[in-house]
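First comes the structure, then the notes that go with it.
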Ligand SMILES: [Zn+2]
């Protein structure tokens, strides 16, 4: 815990990190470095879009293994590694904005899950999926009939 406090006070802006870990006591250096890595990429992306990260509400940040299982996350979910975040996005505003500016995701080597699979939130991760796509269908994704139209818009 001491390390965590030291680490975040070195950050230019620690509110994202605090909210990301949401009260979890984190002493894992790799986890903290990963989250900082994610944060810096998000800063680059959202600054280019004139959005302050602090104005975005985190609906899912860090998940420990138990929490991840309880929400049905993939066992290797990047949320358990500090490398992915979900932002509140009820009208897919963020998803659409990021797809319209997909070059920002590409430049920062980030990826989002396809909006058809993230109704209500926007999942952004700091590493590319195996497909190397900046907009991808999550591993657990199954195509539902009413989502097929959305899929072909990209
Ligand atoms: Zn997510």
Cβ-Cβ distance below 6 Å, separation of 6 or more or different chains: which pairs start in region 72-98 with a residue that is within 14 Å of residue 120 (Cβ to Cβ) and within 14 Å of the ligand (Cβ to nearest atom) and end on one that is at pLDDT 95 or above and part of a loop (DSSP other than H, G, I, E, B)? 87/56; 88/57
Residue 58 being on the phi < 0 side of the Ramachandran plot and under 14 Å from the mean Cα position of the chain (by Cα): yes
Quick one: in region 68-103, of everything that is buried (at least 16 other Cβ atoms within 10 Å of the Cβ) and farther than 19 Å from residue 53 by Cα, which residue is modelled with the lowest pLDDT? 73
Could you figure out which of (1) crowded, with 18+ Cβ neighbours inside 10 Å; (2) within 14 Å of the ligand (Cβ to nearest atom); (3) farther than 27 Å from residue 106 by Cβ isn't true of residue 26? (2)
Restricting region 50-71 to residues that are touching a strand residue (DSSP E or B) at 6+ places or on another chain (Cβ under 7 Å) and away from the ligand (no atom under 12 Å from the Cβ), the residue that is nearest to residue 24 (Cα to Cα): 57
When both residues are 6+ apart or on different chains and their Cβ atoms are under 7 Å apart, which pairs have a first residue that lies in region 107-125 and is more than 12 Å from residue 83 (Cα to Cα) and touching a residue at least 60 places away in the same chain (Cβ under 8 Å), and a second that is more than 10 Å from the ligand (Cβ to nearest atom) and assigned to a helix (DSSP H, G or I)? 108/41; 108/44; 108/45
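Quick check on my filter: what residues within region 104-113 are out of contact with any helix residue (DSSP H, G or I) (no Cβ under 7 Å at 6 or more places or on another chain) and within 13 Å of the ligand (Cβ to nearest atom)?
Going residue by residue through region 104-113, those that are out of contact with any helix residue (DSSP H, G or I) (no Cβ under 7 Å at 6 or more places or on another chain) are 106-107, 109, 113.
Listed by number, the list holds a single entry, 113.
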Take the residues in region 81-99 that are in a loop (DSSP other than H, G, I, E, B) and under 12 Å from the mean Cα position of the chain (by Cα), then tell me which one is farthest from residue 42 (Cα to Cα). 82
Do you know which residues across region 55-71 are more than 18 Å from residue 121 (Cα to Cα) and not in a helix (DSSP H, G or I)? 64
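The values are calculated or read from the model by the stated rules, or taken from the named source; none is laboratory data. Bear in mind the structure is a predicted one, so any value in this text is a computation, not a measurement. Cβ coordinates were reconstructed from backbone atoms using ideal geometry, including for glycine residues, and neighbour counts include every protein chain displayed.
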